[in-house]
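The next block holds one structure in the form of structure tokens; read it before the comments.
The values are calculated or read from the model by the stated rules, or taken from the named source; none is laboratory data. Since the model is a prediction, treat every value here as computed from it, not as a measurement. In this analysis, Cβ positions are derived from the backbone assuming ideal geometry, glycine residues included, and neighbour counts consider all displayed protein chains. Areas reflect the complete protein model, heavy atoms only, side chains present, ligands, DNA and RNA absent. Shrake-Rupley method; radii C 1.70, N 1.55, O 1.52, S 1.80 Å.
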Amino acid sequence: MKVVLAVMTLEPHGGVADQITNLALELPKYGVQPAVVVRNPLSSGHGYAAMMREAGIMVVAIRHDRYLLVRNMCRILAGIALPLIIADAVLRRKTLVVSQHTIWGVLRRPGSYAGLDVLLWLNLVRLRLFSGIRLAHFRKPDSWPWIARAHRLGYATIYSEDTIPWAHTVHYYRGLSTVDASISIATAVSRASATARGIPTCTAANKGNSEHGTSPQLDLAHGKTNTASSFVVGSLARLDPQKDIETLLFATRKVKDSDTPIKVLIFGDGPLRGSLETLANELELREHVEFRGAFAKTDLPEIMAQIDIVVLSSHYEGFGVVLVEGMAYGKPVIASAVGGVMDVVEDGVTGILFPEGDADALAKGILALSIDQQLYKRMTQAARERYLDRFTPERVVPQYVALYERLAT
């Protein structure tokens, strides 16, 4: 049995990229051969793509350098179009800058957006006609136009909801509502995500689960522990507005002001890195906060060996894969009580939930785990046990395989 795993973007590190990769790596063990199709360009050194290709899994995506070649050709054409720009400015009584951007917008659409759409469509056609694949599994609401197109090509389609609506994604959900008839089966990664799509909770195929990778072998008795001189908080997240790293920084200042030793390691990169580093300096946290930059999935063992707890302070989450990653390594977690996070964290048992954006509550949670050794040890053990009980590949992947088999018959 073969299946296409289709997504618009495969981030260098992120929950969806992690789940797709882990699912793709595990499916062959159950007799399912996946092919991963990505609309947007991938760098030649993309970590997730490299992992899958090394395992013999087909990853179909345009290379980023080739995409840049086409884009730059369009820019050259925009420069050649100077007479057209001048004429446009005169006729529409616009400045040359406005007209230049207008012409560039017209040229880049076939070279970028429409061009990528055509390539994705051609790849779906090729896999359907020449590889005999009849199942297509889509993720994230921005894939909605391709669900209907795949259905017309003869694919049976599965849609997995990974997130929840937010201001900048509402239009995708409107699009999804127009293609419901083309979706054979809908699943969700959490109750919050199921509600977002109107999926009855009982039909959310992997409700409360994640396609996490191979379970690490740990010796909890000899792992890193929280001593008063070395308590380390870890944040593994994109540095963008969703993740609300500002609240973590404000909470860190409150912990520091209580004279409790603390170190915060922030792993990840994104558009807000500069402003977050500035805020950390303004809060006088130079000695307490380190920005470690982007990381790869293969870096997780090394990262988890350096930290005592994982903090996720997001405004919204469909699931929160990083929490499962932390629990897999026996790390208690502190997270904002939003969306699918509440399906992952058992408050007071495997970690601590706090109200979104509440730096005081986050600081109290950090202090509780840094001071109370017995609480920390209990949560360490409980976090690991919850991971083994609910979130291993052996728990999750067979559910997807059952869905694929149902559609294939």
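Hey, does the stretch 397-406 have a residue that's aromatic (Phe, Trp, Tyr) and assigned to a loop (DSSP other than H, G, I, E, B)? No, that holds for no residue. Residues of the stretch 250-273 that are open to solvent by 60 Å² or more (accessible area, probe 1.4 Å), out of contact with any Asp or Glu (no Cβ under 9 Å at 6 or more places or on another chain) and not in a helix (DSSP H, G or I): 259, 261, 269. Looking at the stretch 51-69, is at least one residue open to solvent by less than 10 Å² (accessible area, probe 1.4 Å), among the aliphatic types (A, V, I, L, M), modelled with pLDDT of 80 or more and in a helix (DSSP H, G or I)? Within the stretch 51-69, one or more residues are open to solvent by less than 10 Å² (accessible area, probe 1.4 Å), among the aliphatic types (A, V, I, L, M), modelled with pLDDT of 80 or more and in a helix (DSSP H, G or I). Look at (1) closer than 30 Å to residue 49 by Cα; (2) out of contact with any strand residue (DSSP E or B) (no Cβ under 6 Å at 6 or more places or on another chain); (3) assigned to a loop (DSSP other than H, G, I, E, B) and you find that residue 276 fails only one, number (3).
Counting only helices (runs of 4 or more DSSP H) that sit wholly inside the stretch 108-199, those with at least 3 residues that are open to solvent by less than 20 Å² (accessible area, probe 1.4 Å) and in contact (Cβ under 8 Å) with a residue 12 or more places away in the chain are 114-130, 144-152.
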